[in-house]
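The values are calculated or read from the model by the stated rules, or taken from the named source; none is laboratory data. Just so it is clear, the model here is predicted, and its values are computed rather than measured. FYI the Cβ positions are ideal-geometry reconstructions off the backbone, even for glycines, and counts take in every protein chain you see.
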């Protein structure tokens with residue numbers, strides 16, 4: 001009897017869809033970044049004084065997901081590092097993704113590791129790790145760029161203490177200079193910060209606009225030319241991927257994923273060309289996986305809010321007012337022994353869920369009773385349960 005895996009491996013090995021699959025990965029940084037020339041130049045202008053030994057201003061970069069913030073930052077800093085090496089300037093980059101390292105301790109530990117000092121996973125106080133970092137970086141003359149990507153995840157979880165310390169660290173250094181580059185998807189992020197941190201961190205600001213459909217089409221065409229073999233893409237595939245991603249706030253990351261997964265589906269099916277049907281299948285696959293993964297990685301109170309929306313809809317309602325939702329959220333949070341967030345903070349979380357497509361918030365007229373915002377869940381109960389079932393704190397509530 002033939003092993004089905006043998007035929008699968010044979011099909012994959014003989015597939016000729018991709019020339020270089022890795023070039024379709026969102027974390028691949030190409031040699032050019034089309035439609036971001038203005039942002040590249042602006043960021044380079046702000047950071048270029050480091051090549052003369054001066055500390056550049058801290059800069060904060062805003063933009064919705066997939067607008068090239070991280071790619072442009074890494075691209076510009078690599079160019080500056082290369083130039084510094086040519087002229088003998090000691091420049092270093094410490095890149096930290098605060099979505100993964102979302103505590104003050106881990107951020108400071110990663111900064112220590114970026115300059116060659118390994119810090120134990122636990123066991124030290126945050127202030128001790130910070131003291132070690134100060135001593136380490138000031139041991140030689142250099143310029144360090146601390147890139148804090150998705151920094152809103154850190155602040156929402158543990159507050160802005162680490163940012164406060166880092167924005168004032170240069171006062172404690174005599175030989176080293178540190179410049180902070182903050183990156184966030186949350187356009188209201190600065191509102192969460194202490195005014196003293198806000199003024200120090202946002203010395204310069206840069207906003208990345210979403211890509212439109214024609215820009216996404218150009219980006220995909222350039223990337224596809226080196227990632228796919230010739231004549232393996234149906235003529236309308238790139239245009240469709242671009243149009244679908246443009247609807248999602250102009251997300252280039254989503255457009256790249258959509259095209260790559262379309263190619264992988266065609267490859268698994270043994271097809272020689274990627275068609276529109278493969279794109280539609282990829283879209284359904286991404287939509288399911290994206291929602292589940294996003295909710296799984298959310299903070300506990302955001303999960304409780306989503307669960308409250310589910311419970312409102314389960315009662316036969318098409319949604320609830322923000323007041324009704326907040327009351328139910330408070331009930332669920334207290335039943336778990338938690339202190340509820342303020343109504344204003346919950347209002348911000350509702351807007352975030354609306355932006356992500358997990359909730360639908362719309363203002364409706366109540367006639368002479370005025371207007372109110374009605375919030376409803378935009379995802380299926382199946383996706384919700386799949387997202388929350390691994391969280392033991394919510395598992396029993398989801399099954400009710």
Among (1) on the phi > 0 side of the Ramachandran plot; (2) exposed (fewer than 15 other Cβ atoms within 10 Å of the Cβ), the one test that residue 66 misses: (2)
Yes/no for residue 285 being surrounded by fewer than 19 Cβ atoms within 10 Å (Cβ to Cβ), assigned to a helix (DSSP H, G or I), assigned by TED's automatic domain parsing to the domain that holds residue 219 and at pLDDT 85 or above: no
Test: residue in the range 375-391 that is at pLDDT 75 or above, buried (at least 18 other Cβ atoms within 10 Å of the Cβ) and either out of contact with any helix residue (DSSP H, G or I) (no Cβ under 6 Å at 6 or more places or on another chain) or at positive phi (or both): no
Subset of the range 234-265 (residues that are touching a helix residue (DSSP H, G or I) at 6+ places or on another chain (Cβ under 7 Å) and under 20 Å from residue 15 (Cβ atoms)): 234, 237, 238, 241, 256, 257, 258, 259, 260, 261, 262, 265
Within the range 375-400, tally of residues that are under 15 Å from residue 294 (Cα atoms), in a loop (DSSP other than H, G, I, E, B) and either free of Cβ contacts under 8 Å to residues at least 40 places away in the same chain or in contact with a strand residue (DSSP E or B) (Cβ under 9 Å, 6 or more places away or on another chain) (or both): 4
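Filter the range 195-237 for residues that are in a loop (DSSP other than H, G, I, E, B) and within 23 Å of the chain's Cα centre (by Cα); which is surrounded by the most Cβ atoms within 10 Å (Cβ to Cβ)?
The selected residue is 211.
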Selected residue [farther than 24 Å from residue 204 by Cα and in contact with a helix residue (DSSP H, G or I) (Cβ under 6 Å, 6 or more places away or on another chain)] from 122, 126: 126
Strands (runs of 3 or more DSSP E) wholly inside the range 43-152 that include at least 2 residues being closer than 21 Å to residue 173 by Cβ: 91-97, 142-149
Candidates 36, 106, 85, filtered to the one that is modelled with pLDDT of 95 or more and farther than 20 Å from residue 202 by Cβ: 36
